[in-house]
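What follows is a short report on a single structure.
The values are calculated or read from the model by the stated rules, or taken from the named source; none is laboratory data. As the structure is a prediction and not an experimental result, all values here were calculated from the model. Cβ placement follows ideal geometry from the backbone for every residue including glycine, while neighbour counts extend to all protein chains displayed.
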Amino acid sequence: MRLVILLLLAFATSVAAFAQQRFDFKVREDMFAGMDGDTAAFDRAMKLIDDTLASDPDHAEALVWRGDGRLFMAGEAFQRGDIALGRKLYAGGLADMEHAVALAPNDIAVRVPRASGLLPTARAVRRVDLAEADRLTRIAVGDFEFVLEASRSGWSKMGEHGRGEVLGALADGWQALDDNAKAGFYLDRMIAELPGTPYAKNATIRRADPAARTPLTCLGCH
């Protein structure tokens, strides 16, 4: 679960520069390192989040990042066999994300971390609860489609990584929901808009074989 959550946060980095949000710049490196095994870094990230929320309980970015952190800790708890703690952290993480988006529904710096948290979490949940996995995936897809629309005016100026991650996440999400027509639309965009890149190469493979395990996201991430 730790690597899955690290993948979700890579999405947030791809698009965060577009939103120019300072809180993301403060928290992300420690969060990345923490989810890659650096406990002290993770503790620093969560302390920054907690301190921010202590002074401003409605800080939407801090809330959504706490949600990501709680989902990560939930995965760790489930792996240890602490089901009760895992469920508590899972519910708390989802509540943080929902609250954050309710506070700032049009903020890319909030919608991206939520979408990025829910999509890989849904993959893990899919093994035990299909309905819940589909629910999380639909929320994530909705967030990424919002990001795509909100980024329209500056889309061509975004880097290969940012565009590839958003399009790849959408293709992945719709495929997980068994909608290969919508997934194909985003795969075709990856092929057309990112020629000669790993995104286009992998999208071509997935377009030919939807069952292929070829990754569409975190290409060139940490």
**Message:** Taking the condition of being under 26 Å from A150 (Cα atoms), of a type in the set (D, E) and at pLDDT 95 or above, how many residues in the range 81-130 meet it?
**Reply:** 2
**Asked** For R111, are the conditions met, namely being surrounded by 24 or more Cβ atoms within 10 Å (Cβ to Cβ) and of a type in the set (K, R)?
**Response** yes
**Asked** Which of the residues that make up the range 97-119 are of a type outside the set (A, V, I, L, M, F, W, C), assigned to a loop (DSSP other than H, G, I, E, B) and in contact (Cβ under 8 Å) with a residue 40 or more places away in the chain?
**Response** N106, D107
**Request:** Quick one: count up the residues across the range 46-60 that are surrounded by fewer than 19 Cβ atoms within 10 Å (Cβ to Cβ) and either in a loop (DSSP other than H, G, I, E, B) or of a type in the set (A, V, I, L, M) (or both).
**Result:** 6
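Condition check ((1) within 26 Å of L216 (Cβ to Cβ); (2) among the hydroxyl-bearing types (S, T, Y); (3) assigned to a loop (DSSP other than H, G, I, E, B); (4) modelled with pLDDT of 85 or more) across all residues:
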site: L8; (1), (2), (3), (4): yes, no, no, no
site: A40; (1), (2), (3), (4): no, no, no, yes
site: R44; (1), (2), (3), (4): no, no, no, yes
site: A62; (1), (2), (3), (4): no, no, no, yes
site: Q79; (1), (2), (3), (4): yes, no, no, yes
**Prompt:** If you check P210 against the conditions, is it assigned to a loop (DSSP other than H, G, I, E, B) and under 18 Å from E165 (Cβ atoms)?
**Reply:** no
**Asked** So how many residues does the range 120-157 have that are in a helix (DSSP H, G or I), among the hydroxyl-bearing types (S, T, Y) and surrounded by 15 or more Cβ atoms within 10 Å (Cβ to Cβ)?
**Response** 2
**Prompt:** Would you call D68 surrounded by 14 or more Cβ atoms within 10 Å (Cβ to Cβ) and closer than 19 Å to L119 by Cβ?
**Reply:** yes
